[in-house]
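The values are calculated or read from the model by the stated rules, or taken from the named source; none is laboratory data. These numbers come from a predicted model, not from an experiment. Please note: Cβ atoms are built from the backbone with ideal geometry, for glycine as well, and neighbour counts cover all protein chains shown. Please note that ligands, DNA and RNA were not included when accessible areas were found on the heavy atoms of the full protein model with its side chains. Shrake-Rupley method; radii C 1.70, N 1.55, O 1.52, S 1.80 Å.
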Amino acid sequence: MQFGRWFEEFEVGDVYRHWPGKTVTESDNHLFCLLTMNHHPLHLDSHYAERSTQFKRNVVVGNYVYSLLLGMSVPDVSGRAIANLEIESLRHVAPVFHGDTIYGESTVLDKVPSRSRDDRGVVTVETRGHNQDGVLVCVYRRKVMIPTRAFGEAHGGEQPGRPRPAHI
């Protein structure tokens, strides 16, 4: 399985459909909320959500949805990244509920060689998340510093730091 791309492999307009999707469980949502100290009852208290919110059920915390999509995009977009530089925008377009399955895809919007170093460049992508019904739930844009193939070859190749098995 490919894990990321070299700068030369990105083409403006390319679309990467991230696979597999992820079904969001109540446990996923609660654990993320507790780890990040977001104790809003909309996300954690089903009694409150049922009686006091427009959706009548818990809504998955948005930062979990964003984080899930970011993770899904790593093998296709930033698996070789030197650095994530910027999140330009982030929009939560529709709610996600326990039991929804999220699918992601990223489109390459721009690709600019570094002006200061010839072994890297900046790639801008837009990542969109849809639920199992095709409803857009989240969209964000980010800039990632990506190495060139020459950088990779100079720093260990396809899998830098991976030890070679000792032959007996």
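Over all other residues within a Cβ to Cβ distance under 15 Å of Ser89, the charged ones net out to +1, with Lys and Arg as +1 and Asp and Glu as -1.
What chymotrypsin sites (Phe, Trp or Tyr not before Pro) in region 7-56 are in a loop by DSSP, with at most 11 other Cβ atoms within 10 Å of the Cβ? Kindly include the intermediate steps, with their values, before the conclusion.
Numbers: sites: Phe7, Phe10, Tyr16, Phe32, Tyr48, Phe55; in loops: Phe10, Phe55.
Filter output for region 7-56: Phe55.
Applying the criteria of a DSSP loop state and at most 13 other Cβ atoms within 10 Å to the trypsin sites (Lys or Arg not before Pro) of region 84-168 yields Arg115, Arg117. Counted by Cβ distance under 11 Å from His98, the other residues give a net charge of -2, where Lys and Arg count +1 and Asp and Glu count -1.
Report, to two decimal places, the Cα Rg of region 7-154 normalised by 2.2 N^0.38 Å (N = number of residues).
Region 7-154 yields a ratio of 1.20.
Distance between the 7 Å Cα→Cβ label points at His167 and Thr36: 4.9 nm. Helix 62-73 axis versus longest C-alpha principal axis of the chain: approximately 30°, rounded to the nearest ten.
Computed log10 I(q)/I(0) for region 59-128 at 0.16, 0.23 Å⁻¹: -0.63, -1.11, from the Debye equation with unit scatterers placed on every C-alpha and solvent omitted.
Compute the Rg/Rh shape ratio of region 80-168: radius of gyration over Kirkwood radius, all on alpha-carbon atoms. Provide the component values of the computation, followed by the final result.
Numbers: Rg = 18.0 Å, Rh = 15.7 Å.
Here the Rg-to-Rh quotient is 1.15.
Each part reduced to its alpha carbon centroid, region 77-120 and region 128-144 end up 10 Å apart.
In terms of accessible area, using a 1.4 Å probe and ignoring ligands and nucleic acids, His130, His167, His43 rank largest first as His167, His130, His43.
The loop-placed GluC sites (Glu not before Pro) in region 1-110, going by DSSP, that have at most 11 neighbouring Cβ atoms within 10 Å of their Cβ come out as Glu11.
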